[in-house]
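Remarks on the structure that follows.
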Amino acid sequence: MSGKKQTMTLDPVAGSIVGLNTRDVTLLTSPASQLWLKYLGSLRERNINTESVITAAECLWLEIERAVPDAMPPNTRPTDEGELRMSWNRRGAYLEILIAPNATFGWFYTDTVSNASEDEEGLRADSSLANLFARISGLF
């Protein structure tokens, strides 16, 4: 891949990531990330979450991994409401991302040491995610 940043966007109608192919995923991701992406694929195959939720999670993770190369994949589980919960609990801080069936997401961060907290809602994978990336970066 060239040094130029590839733009990835979620196409909610097609349920796919525009501007990304399988070769790119292999080049972009660590072995742990590839396993995590495989887990997301199993949720898709078993119809546990909608295509839009899984695609949003994949797109979001690839953007997180680009912005925070040391980030480890999150603990992930589907909810009864059809959402996907991604979370990290490290270094006295907790960060959770909740992806809704319409492919929007929100996140919540709390630090038990400093009592700091922050959240954002109504985001998409192509939103400005600088605040989220900063919080994830602090976990690793």
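For the reader, a short list of remarks on this structure follows.
- Criterion applied to Asn89, Asn131 was being at pLDDT below 95, more than 13 Å from the chain's Cα centre (by Cα) and not β-branched (Val, Ile, Thr), and the one residue passing it is Asn131.
- Among all positions in the stretch 56-65, there is at least one residue which is of a type in the set (Val, Ile, Thr) and either within 16 Å of Asp126 (Cβ to Cβ) or buried (at least 17 other Cβ atoms within 10 Å of the Cβ) (or both).
- Within the set Gly122, Gly138, the sole residue that is more than 26 Å from Glu81 (Cα to Cα), surrounded by fewer than 16 Cβ atoms within 10 Å (Cβ to Cβ) and in contact (Cβ under 8 Å) with a residue 12 or more places away in the chain turns out to be Gly138.
- Thr76 among the polar types (S, T, N, Q), in contact (Cβ under 8 Å) with a residue 24 or more places away in the chain and not in a strand (DSSP E or B): no
- Hits in the stretch 89-109 (condition: free of Cβ contacts under 8 Å to residues at least 40 places away in the same chain and either out of contact with any Lys or Arg (no Cβ under 7 Å at 6 or more places or on another chain) or surrounded by fewer than 17 Cβ atoms within 10 Å (Cβ to Cβ) (or both)): Asn89, Gly92, Tyr94, Ile97, Gly106, Trp107, Phe108
- Among the candidates Ser30, Ser52, the residue that is farther than 20 Å from Ala71 by Cβ and at pLDDT 50 or above is uniquely Ser52.
- With respect to (1) at pLDDT below 95; (2) exposed (fewer than 14 other Cβ atoms within 10 Å of the Cβ), the lone exception for Val68 is condition (2).
- Meets criteria (assigned to a helix (DSSP H, G or I), crowded, with 19+ Cβ neighbours inside 10 Å, out of contact with any helix residue (DSSP H, G or I) (no Cβ under 6 Å at 6 or more places or on another chain) and modelled with pLDDT of 50 or more) for Ser42: no
- Among residues of the stretch 125-135, those that are among the hydrophobic types (A, V, I, L, M, F, W, C), under 19 Å from Arg91 (Cβ atoms) and either in contact (Cβ under 8 Å) with a residue 12 or more places away in the chain or in a strand (DSSP E or B) (or both), counted: 2
- Residue, modelled with the highest pLDDT, within the stretch 92-128, restricted to residues that are closer than 30 Å to Asn47 by Cβ, touching a strand residue (DSSP E or B) at 6+ places or on another chain (Cβ under 8 Å) and of a type in the set (Ser, Thr, Tyr): Tyr94
The values are calculated or read from the model by the stated rules, or taken from the named source; none is laboratory data. Computed from a predicted model, the values in this text were never measured in an experiment. As a convention, Cβ positions derive from the backbone with ideal geometry for all residues, glycine included, and neighbour counts pool all protein chains shown.
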